[in-house]
Amino acid sequence: MLSKVLSAYVIGVDANLIEVEVDISSIGLPHFSVVGLPDTAVKESKDRIRPALKNIGFSFPLKKITVNLAPADIKKEGSAFDLPIAIGIIASEGLINQNELEGYMFIGELSLDGKLKPVRGVLPIAIEAKKRKLKGLLLPHENVLEAAIVKGLSVIGLKSLPETIEFLKGMKKIEPFKVNTDELMSQNSIYEEDFSDIKGQEHAKRALEVAATGSHNVLMIGPPGSGKTMLAKRFPTILPPMTFEEAIEATKIHSVAGLLTENTAILARRPVRMPHHTISDIALIGGGQIPKPGEVSLAHFGVLFLDELPEFKRNVLEVLRQPIENGYVTVSRAVASVTYPAQFVLLSAMNPCPCGYYSDQRHQCTCSPSIISKYRARISGPLLDRIDLHIDVPAVPFKELSKEYTGESSERIRERVIAAREIQLLRFKSEGIYANGQMKTRHIKKYCKLADDAQNLLNKAMESLGLSARAYSRILKVSRTIADMDKKDKIESHHVAEAIQYRSQDRML
Ligand SMILES: Nc1ncnc2c1ncn2[C@@H]1O[C@H](COP(=O)(O)OP(=O)(O)O)[C@@H](O)[C@H]1O
Ligand SMILES: [Mg+2]
Ligand SMILES: [Zn+2]
C-alpha cells in the first residue's frame, strides 16, 4: 500500500516542502530502499528506523519497502526524515489511515528506542508549514519554542513515535504550543553590558557612535588591555533595536546552524560574533560537506569582531570581501550553490606593533621599524580598503580608570543614532540601501555635496597626507554621517576634518 507524508528540507535558510512516499509491496524479496537521500544518510536513517519500530513493538514488515523523498533530484542530508519515513511505513501497513495524516508536516530524528530527538533548521520549516496553510507541524518537543515563534501555526511537540501515533489516531490530546512573541522579544532585547561601563576613551566612543550611525566598518588600534574588546562587545547596544522581522531573519540562520538554545528561541539582541584568528575560511563564510552558515552569517544584522586582525590568514581575510560588498555569501556545493545572508558591521582590532606597545606611554616597544611595517602590511590591501574608520584606542591612564564616574548610557547614544538613521532611511528610500556606509560611487556623487571650504580642506589633506582615491571616498562617506549627526544637509569643513582623523592607517603605510 502507498502512503504519503509531508515533511520539509532546508536549503540555505529557507525550507522546501518534501513529500515522503512509502510503498510496501508483498511481491518481491524483502528489501528497504530510500530514493532521494545520499548513500550515507540513507544507511544511517534505515539503521535508526528499523530498531526504533521494532522497539516500540511494531513488527517490521519483511516486504519490499520503497521510500521516495520527492522531489528526489535534490540530495537531502540530515536525520529529520526519520519521523516522516517511520510514520509512512506504519501508515502503509494500514495502522494509520492516510486521512489521519492529511495536512500535517513531520520532522524529527528517532533514537533506537523510538524517542524523538531535536533537529536543526526548525524555524524555516515552520515558516514553510505556515505558508502552505498546513493544519499543524509535528516535531520533537525540544523544538517547539523555536517553531511556535511563527504566528498562526499549530505546533505539536512530541516525545516519541508511540505518542505521535496516539496523537494522530485521536487517542491522546496535545494542545498546540503557544508563545507570546512580544514578551519574548522584550525579555530578550535587554543587553547585559552598557557603554557607561567604559571610562574615558571619549575619542573611541565618539568614533563608534559615528560607525553605528552610518553602519561603517571599523579598525581599532591600541595596546593590549586598552579596552578594544570591551568597546566591541558594547557596540550592538548603541545600534537601533532589532525589528521583529530582522529578529526572525537572524534567528533563521542560527536555527539552521543548530545554535538555538531554549533560552534564545528568538534573537532579539543584535549578535556579536568573535571568531578566533585561527578560524578557517569555511568556518568564517560557511559551506562544508553538509553546508552550514559561517560566522559572517551568524553575525547577520549584528557585529563581526575580528580581534588581532593581522593574525588572520590571508585567504581567510580574502573571503570576507564578498559579504562586505554584497551583504550575502554564496557557497558552492556539489549539486547547487547555497546563499546565506551576511549583513554585518565589521569591527576589527589590532595592536600597533607585534609587541603591542608602540607609542604607548607606559611601556617600551621592543619592535624594530622593519618588523612593525611588515606587521602593518599584513592588513593592507583589499580589506583595509573596505574599512571606513581607523580608531586609535590608547590605554586609559590608571588615574582615569579608578575614578568613580559613569559615562553616557547606551540608551542615550542609541537615541541619537536612531535619529540620524532616520535621515539616511529617508535619503536612501528608493536606492535599496539604508545607511551611508553602504553608498556606492554613484550615491557618493549624488549625496555627498561639500561646502566650498570643506572641499578646499579635503583637497589639501589629500595632497599633504598622500591619501588614495579609495581613502577619498571613505572620507566622503564618513563626512556624510557626521553631517547627518549634526543635522546638516551640506557637508561642512569641520565634518570633513573629523573624518580625516579616522584615516590614521593610510598615513602610516
Ligand atoms: N576604558 C576602560 N574603562 C573601564 N575598564 C577598562 C577600560 N579599558 C580597559 N578596561 C579593563 O581592562 C580589561 C581589558 O580590556 P580589553 O577590552 O580586553 O582590552 P583589549 O581588548 O584592548 O586588550 C577590561 O576587561 C576592563 O576590565
Ligand atoms: Mg582584546
Ligand atoms: Zn612593539
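The numbers here are math on the coordinates, done by the rules we state, and not lab data. Since the structure is predicted, the reported quantities are computational estimates derived from the model, not experimental observations. As a convention, Cβ positions derive from the backbone with ideal geometry for all residues, glycine included, and neighbour counts pool all protein chains shown.
The aspartates and glutamates whose alpha-carbon is closer than 20 Å to the alpha-carbon of K173, local same-chain residues fewer than 8 away aside, are E100, E102, E142, E163.
A straight Cα-to-Cα reach below 16 Å connects K172 with the lysines K159, residues fewer than 8 places away in its own chain not being considered. In whole angstrom, how far apart do the alpha carbon centroids of segment 68-119 and segment 266-281 sit? What the calculation gives is 34 Å, centre to centre.
Once the Cβ-Cβ distance of Q187 and E415 is raised to the sixth power relative to R0 = 35 Å, the FRET efficiency obtained is 0.95.
Taking the chain, the Cys residues with no second Cys beta-carbon under 4.7 angstrom are C355, C365, C448.
Calculated from the alpha-carbon coordinates, the chain shows an Rg and a Dmax of 27.7, 90 Å respectively. Express in % the proportion of alpha carbon pairs of segment 102-170 at distances exceeding 16 Å. Result: 40 percent of Cα pairs exceed 16 Å. Past 26 Å, Cα to Cα, is the threshold; run K252/K477; K199/K313; K43/K115; K43/K169 against it and keep the listed order. Flagged as over cut-off: K252/K477; K199/K313; K43/K169.
Angle of helix 244-256 to the longest C-alpha principal axis of the chain, folded into 0 to 90 degrees and rounded to 10: 60°. Spread over its residues, the convex hull of the C-alpha atoms of segment 161-289 is 177 Å³ per residue. The calculated 222 nm mean residue ellipticity attributable to helices in the chain amounts to -11000 deg cm²/dmol, summing -39500 (n - 2.57) over DSSP H runs of n ≥ 4 and dividing by all residues.
Magnitude of the charge dipole for segment 2-168, about its Cα centre and with charges confined to Cβ atoms of Lys, Arg (+1) and Asp, Glu (-1), is about 100 debye.
Among the GluC sites (Glu not before Pro) found in segment 161-214, those both in a DSSP coil and sparsely packed, with 16 or fewer other Cβ atoms within 10 Å of their Cβ, are E192, E193. Net charge dipole, the chain: roughly 760 debye, given to the nearest 20, about the Cα centre with Cβ charges of +1 for Lys and Arg and -1 for Asp and Glu.
Can you check how the C-alpha radius of gyration of segment 467-509 compares to 2.2 N^0.38 Å, as a plain ratio?
On the way: Rg = 10.5 Å, N = 43, 2.2 N^0.38 = 9.2 Å.
Its radius of gyration relative to the 2.2 N^0.38 Å reference: 1.14.
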